[in-house]
Amino acid sequence: MDLSVDLGSLNLDNPVIAASGTFGYGLEYRSLVDLNTLGGFSTKGLSLKPKTGNPVPRVIETSSGMLNAIGLENIGLKVFLSEKLPQLEKFTTRIIVNFFGDTSQEYVEMAQALSDVERLDALEMNVSCPNVEKGGLQFSSDPEVLTEVVSAVRKVTQKFLIVKLSPNVTDITLLAKAAEDAGADALSVCNTFVGMSIDLKTRKPYLANRTGGLSGPAIKPLALNLVYQTVRAVKIPVIGIGGITSGEDAVEFLLAGAKAVQIGTANFIDPAATLNVIDGIRKYCLSNGVGNLSELKMQED
């Protein structure tokens with residue numbers, strides 16, 4: 001069974017990638033998962049300097065999902081490169097570094113620094129961040145702003161560049177085309193949906209940040225639709241994300257046109273979720289006479 005995936009200059013042994021923010025820096029899972037069995041993993045989002053994130057409580061379980069308002073807490077670029085990356089050198093799996101910034105210049109500085117690291121296979125831009133130069137407008141919310149930041153990053157890196165889009169927009173295809181035209185090699189669709197939960201006893205929002213990002217099985221139909229729309233709007237590969245917990249879920253995204261998938265919240269439920277998804281995809285293909293993932297096509301008649 002050939003599960004390999006060709007995303008252009010980035011090749012994966014299989015289409016399953018552990019999603020950013022749910023797999024630490026990869027090292028946290030190494031005693032539970034053979035990292036080399038994965039198509040790859042995306043690190044926790046990194047910034048130039050360490051971030052402490054939002055005040056607690058910042059995670060709560062919801063119906064078929066969870067809300068998080070972690071606030072992009074991370075150890076910062078310097079510590080990642082000096083302490084985490086050396087421990088990852090021995091693994092052969094694809095390492096994708098998710099990164100973000102408060103300004104276009106911070107994105108550029110991150111991309112420049114990461115581009116000098118040979119072991120890193122790809123960069124994933126988290127553009128669901130407020131642009132302090134534009135009054136807090138998210139980079140992912142406006143095609144012109146997105147074009148500007150992706151173009152700036154593209155000029156300073158030859159690494160495979162993935163842009164992670166937000167679902168919290170009016171028309172995701174406009175942002176997808178903007179990212180493609182600006183030089184993105186692939187798109188990951190999608191990030192979390194904005195949501196909230198209120199404590200009936202205190203009559204206050206559960207999260208200190210009031211709102212958070214909704215993920216998990218609850219968003220799967222929504223994410224699947226956005227992937228379907230995006231695939232038909234661009235020519236570059238799309239990586240599907242959103243509520244995938246099984247091989248069958250993953251196959252749905254592949255049928256919708258995604259070339260690969262990312263597993264997020266499921267990692268919190270079962271640390272071996274990524275391995276189960278890989279196995280599930282293989283079983284589906286074998287049971288249905290599929291010899292290569294390129295044969296997975298949705299019937300639209």
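The values are calculated or read from the model by the stated rules, or taken from the named source; none is laboratory data. Source: prediction; values computed, not measured. When we count neighbours, we look across all protein chains shown, and the Cβ atoms used for this are built from the backbone with ideal geometry, even at glycine.
Quick grid of which residues meet (1) out of contact with any helix residue (DSSP H, G or I) (no Cβ under 8 Å at 6 or more places or on another chain); (2) of a type outside the set (Gly, Ala, Ser); (3) in contact (Cβ under 8 Å) with a residue 12 or more places away in the chain; (4) over 21 Å from Gly243 (Cα atoms):
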site	(1), (2), (3), (4)
Gly264	yes, no, yes, no
Asp279	no, yes, yes, no
Ser287	yes, no, no, yes
Leu296	no, yes, yes, no
Item to check | Selected residue (only one of Ile278, Ile236 is over 28 Å from Asn68 (Cβ atoms), of a type outside the set (D, E, K, R), touching a strand residue (DSSP E or B) at 6+ places or on another chain (Cβ under 6 Å) and modelled with pLDDT of 95 or more) | outcome: Ile236
Checklist entry - Quick one: in region 179-208, which of the residues that are within 18 Å of Gly21 (Cβ to Cβ) and part of a strand (DSSP E or B) is farthest from the chain's Cα centre (by Cα)? => result Gly195
Checklist entry - within 15 Å of Ser188 (Cβ to Cβ), at pLDDT 95 or above and not in a helix (DSSP H, G or I): does that describe Ile96? => result yes
Checklist entry - Name the pairs whose Cβ atoms lie under 6 Å apart, with the first residue in region 220-236 and farther than 15 Å from Ile162 by Cβ, the second aliphatic (A, V, I, L, M) and assigned to a loop (DSSP other than H, G, I, E, B), and 6 or more positions between them or separate chains? => result Leu224/Ala256; Tyr228/Ala256
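Rundown of residues vs (1) surrounded by fewer than 20 Cβ atoms within 10 Å (Cβ to Cβ); (2) closer than 21 Å to Leu10 by Cβ; (3) touching a residue at least 40 places away in the same chain (Cβ under 8 Å), yes/no style:
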residue	(1), (2), (3)
Lys201	yes, no, no
Leu207	no, no, yes
Ile239	no, yes, yes
Thr245	no, no, no
Ala250	no, yes, yes
Phe253	no, yes, no
Pro271	yes, no, yes
Thr274	no, yes, yes
Item to check | Number of the exception - Met66 against (1) part of a strand (DSSP E or B); (2) within 15 Å of the chain's Cα centre (by Cα); (3) hydrophobic (A, V, I, L, M, F, W, C) | outcome: (2)
Checklist outcome for this item: Within region 144-178, residues in a helix (DSSP H, G or I), touching a strand residue (DSSP E or B) at 6+ places or on another chain (Cβ under 7 Å) and either surrounded by 22 or more Cβ atoms within 10 Å (Cβ to Cβ) or touching a residue at least 24 places away in the same chain (Cβ under 8 Å) (or both) come out as Val150, Val153, Arg154, Ile172, Leu175, Ala176
